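Enquirer: The structure is given below, and queries will be raised subsequently.
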Ligand SMILES: [Zn+2]
Ligand SMILES: [Zn+2]
């Protein structure tokens, strides 16, 4: 696949006589591990220029010389024709003295390059490789591990940096002669493709089911497809771990998957075949896509996109019961392309893990841990060095927002406005754990790990923490952790032997936004989530913090209430509803039936009934009061169901209930949720009083969202009157709720606030590790 020079010899001869010029370019952005240097090499040959290209401190430096006109044309297409997986940014373009070289060469990395390591991300299978995969004449026809310099696994196969084949999971696959030729030819699109492989020398598939074993990629694939067509569940090893897969149109298969995985209602992601001119025809059969969502689905991370379900559609209702949205993704590895193309319809593709744990990566582990779930195993023999779940995104407020970092999207790299003079590691909170590392002006955030409750969770966590430091060549000298003393990450930090710095949960949320949108101006950050330990010993979750990293002050919150059963309430929304009912004296007969008399007495005495201001629990209460969710089988279910009720009604179409706002003795503005209860709790008795005699459940859900958004804006206005603050951040899991987030943003913007919503990191606890870094760096500086 050599690119033929487009310049004809006569013209070259004429131009050789023309005066020569030289240019030098510095290119930043995503240019590592994406075939950018070979691209420059081919481009220079195409334009018959001499010079060189090399890696330099994570950037690419180019020197090219030749006739001025050709040099200009070369400069014009340098960025525009770059490989699809690259995202180059021009940092500098200068004229340079002539070096009079006789050819164009790829130079070894400059000596300081290792100081500035960029770990490349896993890349989706590029269009050229997909085309080859289906080309009967190609030697990699239907080869499940086809890749090139622009695509294939990266982060999940790298053992050590620099990113060279001996440092990857491919090291023990010796290249055959033909692969070796491609690897060594600068004009080949597989020049220096580190995971290069072919059917003769590379990894292969094998199948295991009920003691039987089938070797060979094509036979294993056929066995897997037969199982899927029979409605069975398979575990398939992919890029960052195993998926559990079954026919997404087969209600029976999905019910079996749900009962075996003890996951009665949590929505399951589906993978759809790549089809049609833009590849999205399969996706459009199951979800409705806006232009922005279509772009998000095809983006380089190839994420799971949460989008509106197409109804009626071909999928079983039980993929996402009771919800109007669905997580959908495109095939991103050659194996997935083959599976989906052969199957010809959507497959459920959910993480192959035990609930809350990191995704399983190794064959023996999969067969041991997923034995009760999968009927068969589609394995391969290319090791996965560290797990990476599929990333998840959702369009909120006109932008694509990550809900989970993972394969292809992490490690996320963020430039620090304040230098980390002491290399710092941060370990996150309790759930949705990520690990983050800061040194100098850089911070990196790992893919989603999960919870640390299980042994496997803790093992993966320890490995990722170690790997991040090793890959980037940085040793942490202190560890930031959640201030909650009982979290596993807190214990790990304290046992590490390094100085451990506790960070309050909601200050970490606020600092995460401040770190993503650095500014000298103060920030008012709403940190609404489930529960986190607050500095007054109560469980926060509805706070507004004012200030800057290292110096936050709580300025607004909600009326506190006691939560019967404490943290159990997260899975039992009826407890939150009962708490509000008891606290405000408004009867909720259904709640009393779910409770027992002892609970009331314990609550009255404050036994196992911690005080909270959590908005997440207000969502739970609303869902229970409206009768849509009394018990949640997964975190956030009540809020998701409540949001699903809104349907297609435009945000803010319901008139809000006026939520009283008053200052407490400490000067904190507090909104009183009690005003919301009549509209939620008892439709028979109280609706007329609320002016809602005919309101449906959907309208009352709408009213709840709308009232919260207005209460938020009222708090912001009250704080602005006193302090003049103009920047408002929205952080915490509650703001994954699109209706609330968009309405709050609109109200704030209408009042002239600058509104900041997380864009590079999730709004949920996945960003806590990064926030802990920002907070720890700022506090360290103040002390210094
Ligand atoms: Zn490719
Ligand atoms: Zn080969």
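Enquirer: Which of the residues that make up the range 160-185 are away from ligand 1 (no atom under 16 Å from the Cβ), in a helix (DSSP H, G or I) and modelled with pLDDT of 95 or more?
Expert: 177, 178, 180, 181
Enquirer: If you go through the range 82-128 one residue at a time, how many are out of contact with any strand residue (DSSP E or B) (no Cβ under 7 Å at 6 or more places or on another chain), more than 16 Å from ligand 1 (Cβ to nearest atom) and at pLDDT 90 or above?
Expert: 1
Enquirer: Consider the range 168-185. How many of its residues are within 21 Å of residue 236 (Cβ to Cβ) and within 12 Å of ligand 2 (Cβ to nearest atom)?
Expert: Total satisfying the criteria: 2.
Enquirer: Follow-up. Kindly evaluate residue 524 against the criterion of being more than 22 Å from residue 759 (Cα to Cα) and at pLDDT 95 or above. Can you show your working first?
Expert: Values: more than 22 Å from residue 759 (Cα to Cα): no; at pLDDT 95 or above: yes.
It is false that residue 524 is more than 22 Å from residue 759 (Cα to Cα) and at pLDDT 95 or above.
Enquirer: I'd like the residue in the range 186-215 that is more than 15 Å from ligand 2 (Cβ to nearest atom) and at pLDDT 95 or above and, out of all such residues, is nearest to residue 33 (Cα to Cα).
Expert: My answer is 205.
Enquirer: Same structure again: Residue 325 versus (1) surrounded by fewer than 22 Cβ atoms within 10 Å (Cβ to Cβ); (2) within 30 Å of residue 461 (Cα to Cα): which is the lone unmet condition?
Expert: (2)
Enquirer: Output the number of residues of the range 717-735 satisfying the condition of being on the phi < 0 side of the Ramachandran plot and surrounded by fewer than 24 Cβ atoms within 10 Å (Cβ to Cβ). Lay out the reasoning, then the answer.
Expert: Within the range 717-735, the first condition is being on the phi < 0 side of the Ramachandran plot, and the residues that meet it are 717-723, 725-731, 733-735.
Add one more test, that the residue is surrounded by fewer than 24 Cβ atoms within 10 Å (Cβ to Cβ), and what stays is 717-723, 725-727.
The qualifying residues number 10.
Enquirer: When only residues in the range 136-159 that are assigned to a strand (DSSP E or B) and touching a helix residue (DSSP H, G or I) at 6+ places or on another chain (Cβ under 6 Å) count, which is farthest from ligand 2 (Cβ to nearest atom)?
Expert: Within the range 136-159, the match that is farthest from ligand 2 (Cβ to nearest atom) is 151.
Enquirer: Scan the range 188-222 for residues that are away from ligand 1 (no atom under 16 Å from the Cβ), more than 22 Å from residue 339 (Cβ to Cβ) and touching a helix residue (DSSP H, G or I) at 6+ places or on another chain (Cβ under 9 Å) and report the count.
Expert: Count: 2.
Enquirer: I'm trying to understand the selection: among the residues of the range 662-674, which are closer than 12 Å to residue 618 by Cβ and not in a loop (DSSP other than H, G, I, E, B)?
Expert: The answer is 671, 673, 674.
Enquirer: Shifting gears a bit: Kindly provide the set of residues from the range 229-247 that are touching a helix residue (DSSP H, G or I) at 6+ places or on another chain (Cβ under 6 Å) and in a strand (DSSP E or B), ordered by number.
Expert: 234, 235, 242, 246, 247
Enquirer: Also, I was wondering about something else. What pairs can you find where one residue is in the range 631-643 and more than 20 Å from residue 739 (Cα to Cα), the other is at pLDDT 90 or above and surrounded by 22 or more Cβ atoms within 10 Å (Cβ to Cβ), and their Cβ atoms are less than 8 Å apart, with a gap of 6+ or different chains?
Expert: Hits for this filter: 631/573; 631/574; 632/573; 632/620; 632/638.
Enquirer: Out of everything in the range 116-135 that is under 20 Å from the mean Cα position of the chain (by Cα) and closer than 20 Å to residue 329 by Cβ, what residue ends up being farthest from ligand 2 (Cβ to nearest atom)?
Expert: Among them, the one singled out is 121.
Enquirer: What is the number of the single condition among (1) at pLDDT below 95; (2) touching a strand residue (DSSP E or B) at 6+ places or on another chain (Cβ under 8 Å) that residue 519 does not meet?
Expert: (1)
The values are calculated or read from the model by the stated rules, or taken from the named source; none is laboratory data. What you see is a predicted model; the values in this text were computed from it and never measured. Here the Cβ is made from the backbone with ideal geometry for all residues, glycine too, and neighbour counts use every protein chain on show.
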